Amino acid sequence: MTIYILWLRQLKRYFRSRARIVGSLGQPLLFLVALGFGFGPIFAKAGGGNYILFLTPGIVGMGILFTALFSGIEVIWDRQFGFLKETMVAPVSRLSIVIGRTLGGATVATLQGVIVLLLSLAVGFRPVSLALLPVAFVAMFLIALLFTALGTAIASLMNDMQGFQLIMNFVVMPTFFLSGALFPLAGLPTILSDVARADPLTYGIDALRASLAGASHFPLGIDLAVTAGVVLLFMAVGSWLFSRIEA
């Protein structure tokens, strides 16, 4: 019941804030249009094919990443305004609280990714296989779970929103740009290739690209397995850090 209430609360917050929905779509759409049409001819001349087809899974992942990570700020918000203290003294396990918050934030982030995917149809993107769309949704939800758990873990260590936003900017941009969302992973210098392999978003983006664009750097099974494994790790770390919070 606790998990359901916290999940529902996250959804209500999301749908009540139209400005938040519109604002969080701005950056992914800007990247999709500006980079997709700007670098599309160069990508095609280099033998890469349709850049919009290649780019869209990365931009969908971007929309999920930003929304999922920044959902952690609600932990700080609730702490400052007293709601977290009421939740923490309730006769429920803190693991249930973390799971409820994470599922709620991940659901919101996944919805954000679906909206970006739908809007990408307007700029010419078409999935290569409708049969693989369910796999794409699974990959979206795994990415959302992963980074919602990470956002919760980081927020559990912080007391002010400004510090959280600074840390998030430090985490978000390298994670996104080094994941292969904007460029192919094949042929990278060794050091960049190693960094990309260590980036958990790389495998989520690759799974999206396999299911939406029909091309991937790693086998799809490995992408999903690695992403799911990191989700469990971050959930465990996030739960432990959240259990040490003093509301």
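Values quoted throughout were computed directly from the atomic coordinates according to the rules given, and no laboratory measurement underlies them. This is a predicted model, so every value here is computed, not measured. Every residue, glycine among them, receives a Cβ derived from its backbone with ideal geometry; neighbour counts consider all protein chains shown.
One table, with the values for the structure above:
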read-out: Taking Thr202, Thr190, Thr175, Thr67 and counting other C-beta atoms within 10 Å, the order from fewest to most; value: Thr190, Thr175, Thr202, Thr67
read-out: Note, ³J(HN,Hα) from phi for region 121-136, Karplus 6.51, -1.76, 1.60, rounded to Hz, x at Gly and Pro; value: 4, 6, 9, x, 6, 9, x, 6, 8, 5, 5, 8, 4, x, 5, 4
read-out: Exposure proxy ranking, count of Cβ atoms within 10 Å, fewest first, for Leu35, Leu224, Leu55, Leu157; value: Leu157, Leu35, Leu224, Leu55
read-out: Length released on extending from Leu118 to Ala186, taking residue separation times 0.36 nm less the Cα-Cα span; value: 21.7 nm
read-out: Pairwise label distance in nanometres, Ala215 with Asp160, each label 7 Å out on the Cα-Cβ vector; value: 4.6
read-out: Fewest-first sequence of Met62, Met235 by Cβ atoms within 10 Å of each Cβ; value: Met235, Met62
read-out: Extended-chain gain in nm, criterion 0.36 nm per residue less alpha-carbon gap, Ala34 and Asn169; value: 46.5 nm
read-out: Length gained when the stretch Leu133-Ala198 is fully extended (0.36 nm per residue, less Cα-Cα span); value: 20.8 nm
read-out: Rh (Kirkwood; distinct C-alpha pairs) - region 131-237, Å; value: 14.5
read-out: Rg(Cα) / (2.2 N^0.38 Å) computed for region 103-187, rounded to two decimals; value: 1.30
